[in-house]
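Undergrad: Provided herewith is a single structure, encoded as C-alpha cells, for subsequent inquiry.
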Amino acid sequence: MQIIGVGNRLMGDDAVGPVLADELSRDPELRGTHSFTDAGTDSFYLLDLLRDTEQEVIILDCGDFGGQPGDILYLDMRDKSIESRSRSLELHACSLQEIWAMACTLNPGLQGHLLAVQSAGIIPGQELSQEIVRNLNYIKETIKGNSQRHAEQKSPDH
C-alpha cells in the first residue's frame, strides 16, 4: 500500500496530507507493508508516483466538501461521484480527477482511494487548525483500518 500526502505545509490545513503521511510513516504497524510519500503541491509529481506504482494507493489531502472541519471523506477513486466534487478537491495545477484519469491511462491497473479532510482554513503561514489537530488520531486510525482492510481483501486467503 502506498500512502501519498498532498498539500502545502505552509498553508494551514492544506498541510494535513503531508503531516498525516509523516505521522503514519512512524507507525510500527505500517512500516514494512506501506510506503509513504509527501507529494507536496506538484500535480505532475503525483502523476509520476501514480504512473509508476504497482501498489494500491491512498491519497491524503484536505478539501472542502461541506463537512465540519476535521471531518473525513473516504472515496474509491473509481467512484464517479468524485467528478461532482472535483472543484473542491483540487491539487493546485489540475483537479485530482484529471490527475487520476491521466494516471489510469498510463497505469491501467491503478487502484486507490482518496481520504479528504475537511479544512477549517487554508491560510498562509498558519499551522493546522485546532479542529484537525483534535481529530488527527481518529483520522490516522481510520486510514490504518482502511489500508488493513484493503490488504486483507487482496490476500490470497480471501
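Undergrad: Would you please list the contacts, defined by Cβ atoms under 7 Å and residues six or more apart or on different chains, that run from a residue in the stretch 1-14 that is touching a residue at least 12 places away in the same chain (Cβ under 8 Å) to a residue that is among the acidic types (Asp, Glu) and in a strand (DSSP E or B)?
TA: That search, which allows pairs on different chains as well, returns GLY5/ASP38; VAL6/ASP61; GLY7/ASP61.
Undergrad: Related question: So VAL117 clears everything in (1) modelled with pLDDT of 90 or more; (2) of a type in the set (Val, Ile, Thr); (3) in a helix (DSSP H, G or I) except one condition, right? Which one?
TA: (3)
Undergrad: Further, regarding this structure: Would you mention how many residues in the stretch 19-41 are without any contact (Cβ under 8 Å) to a residue 12 or more places away in the chain and part of a loop (DSSP other than H, G, I, E, B)?
TA: Residues that pass the stated criteria total 3.
Undergrad: Output the residue which, of all residues in the stretch 108-153 that are crowded, with 17+ Cβ neighbours inside 10 Å and polar (S, T, N, Q), is farthest from ASP76 (Cα to Cα).
TA: SER129
Undergrad: Would you check which residues across the stretch 7-43 are more than 24 Å from GLN97 (Cα to Cα) and buried (at least 16 other Cβ atoms within 10 Å of the Cβ) and list them?
TA: Correct list: GLU23, LEU24, SER25, LEU30.
The values are calculated or read from the model by the stated rules, or taken from the named source; none is laboratory data. Because the structure is a prediction, the values reported are computed rather than measured. All Cβ positions, even for glycine, are placed from backbone atoms using ideal geometry, and neighbour counts span all protein chains on display.
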